[in-house]
1. Look at residue 98 and say whether it is within 28 Å of residue 415 (Cβ to Cβ) and either surrounded by fewer than 17 Cβ atoms within 10 Å (Cβ to Cβ) or touching a helix residue (DSSP H, G or I) at 6+ places or on another chain (Cβ under 6 Å) (or both).
2. If we keep just the residues of segment 1-37 that are within 24 Å of the chain's Cα centre (by Cα) and modelled with pLDDT of 95 or more, which is farthest from residue 75 (Cα to Cα)?
3. Considering only segment 56-72, I want to know if a residue exists there that is under 22 Å from residue 21 (Cα atoms), surrounded by fewer than 21 Cβ atoms within 10 Å (Cβ to Cβ) and in contact (Cβ under 8 Å) with a residue 60 or more places away in the chain.
4. Take segment 134-158 and flag every residue that is in contact with a helix residue (DSSP H, G or I) (Cβ under 7 Å, 6 or more places away or on another chain), assigned to a loop (DSSP other than H, G, I, E, B) and without any contact (Cβ under 8 Å) to a residue 60 or more places away in the chain.
5. Condition first: touching a residue at least 24 places away in the same chain (Cβ under 8 Å) and more than 11 Å from residue 194 (Cβ to Cβ). Now tell me which residues in segment 211-231 satisfy that.
6. With respect to residue 288, determine if the residue is over 20 Å from the mean Cα position of the chain (by Cα), part of a helix (DSSP H, G or I) and surrounded by fewer than 24 Cβ atoms within 10 Å (Cβ to Cβ).
7. Kindly indicate whether residue 302 is under 21 Å from residue 48 (Cα atoms), surrounded by fewer than 17 Cβ atoms within 10 Å (Cβ to Cβ) and in contact (Cβ under 8 Å) with a residue 12 or more places away in the chain.
8. Within segment 167-177, is even one residue within 17 Å of the chain's Cα centre (by Cα) and in contact (Cβ under 8 Å) with a residue 24 or more places away in the chain?
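The values are calculated or read from the model by the stated rules, or taken from the named source; none is laboratory data. Being a predicted model, the structure only gives us computed values, none of them experimental. Heads up, the Cβs are rebuilt from the backbone with ideal geometry, glycines too, and the neighbour counts pull from every protein chain shown.
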């Protein structure tokens, strides 16, 4: 059967938000179509928990519904985030195998076979690459299947294992653009285009999907957040704040409905909202969002909340009760999260004159980074920046500048990142500050511009350029006065 879905979810009392539109022929029972298609649309918007519930609802109605088991397995693969739970994904496939009387079309069998590649044996990266090839074959064999083509675009994004590279992301964009042209209300097409264009170079191309995705799928909190990726990459912080406020509120409402603590979408939106408020110098809002984040973390201190609260504390800065020093180091967190905390913690301790404690934080971070198999450039840059900060306070600006140059070189050589910067203060911005204070304003300007290339309109870098311009104007005025006095 062929079903065109314009899905309205009846939420309590006040609204009927949509999830988007798609058409997906399948052999499932008619009564199971609504939950299946709801799950499919939620899947395109990375609302994995709700999608999983919907697919299971479809299975309960039609236990032989092949694509409902496919959908549940897909909720355990998160390509853009480079995460996958293979064991959990295999569980619904095993339940499907145990069903009797299962029939499927050749197209459905091809869909199912792609999961044998994705969740089969071997290293994840190899499976990701092979899955993208399998999805390409499926999308070509069934070109009219817009969902197959959208999932192929997503599979391409999932092959960028070394970080964002333009060639891979533009390949994905080329596929998703055609889907978006054929169905401008397809949530996957809009969503995956935003991811493909999510850097300062390509962000202008992402404005078209960014301006409509929240209208396509306002029932999905992640769809309310995603436009802010493009707005962040363009330095449009008022828009970043507005979108993430909506996303946080929707995610919290969903978590409350499920009787669960704030989910990852909610934490992600809260972090971005707080960063945007900081960039807008909305101090009262920044303080209230920080307090809100601490309350959520205290209510459910898990790995997701920890990775976000550490970043929010680092941006929040010192207050009457310092948001970093008033909490224990996050020893159980990822290396990048520990590095964010260590950099902020070490600098705050040094500012308070507690240099021995600050050096101990640096030493601990260096040991952790040196002992990691692949620490990544951000953790290594954090070591260099904290070392530079302490070296500067020790009275050696020349060595401090050399250390930050090394960190800035790591930053500039890395793939473009999305979202609030990590480390919290970009290395090139720190370098610009040091060069202005202790070196050449012309070189400082180049460093600030390099920082703005990666984090457009960031107020600290913009302020740095303004200071340089004032200094250059002052020097020019002095030179003119000297010439007139000759």
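1. On the way: within 28 Å of residue 415 (Cβ to Cβ): no; either surrounded by fewer than 17 Cβ atoms within 10 Å (Cβ to Cβ) or touching a helix residue (DSSP H, G or I) at 6+ places or on another chain (Cβ under 6 Å) (or both): yes.
The answer is no for residue 98.
2. Taking the candidates together, the pick is 20.
3. no
4. The answer is 142, and nothing else.
5. Answer for segment 211-231, where residues must be touching a residue at least 24 places away in the same chain (Cβ under 8 Å) and more than 11 Å from residue 194 (Cβ to Cβ): 216, 217, 218, 219, 220, 221, 224.
6. Working: over 20 Å from the mean Cα position of the chain (by Cα): yes; part of a helix (DSSP H, G or I): yes; surrounded by fewer than 24 Cβ atoms within 10 Å (Cβ to Cβ): yes.
Judged against the criteria, residue 288 is a match.
7. On the way: under 21 Å from residue 48 (Cα atoms): yes; surrounded by fewer than 17 Cβ atoms within 10 Å (Cβ to Cβ): yes; in contact (Cβ under 8 Å) with a residue 12 or more places away in the chain: yes.
Against the criterion (under 21 Å from residue 48 (Cα atoms), surrounded by fewer than 17 Cβ atoms within 10 Å (Cβ to Cβ) and in contact (Cβ under 8 Å) with a residue 12 or more places away in the chain), residue 302 qualifies.
8. Going through segment 167-177, the residues within 17 Å of the chain's Cα centre (by Cα) turn out to be 169.
Still in the running and in contact (Cβ under 8 Å) with a residue 24 or more places away in the chain: 169.
Checked against the condition, which is being within 17 Å of the chain's Cα centre (by Cα) and in contact (Cβ under 8 Å) with a residue 24 or more places away in the chain, segment 167-177 yields at least one hit.
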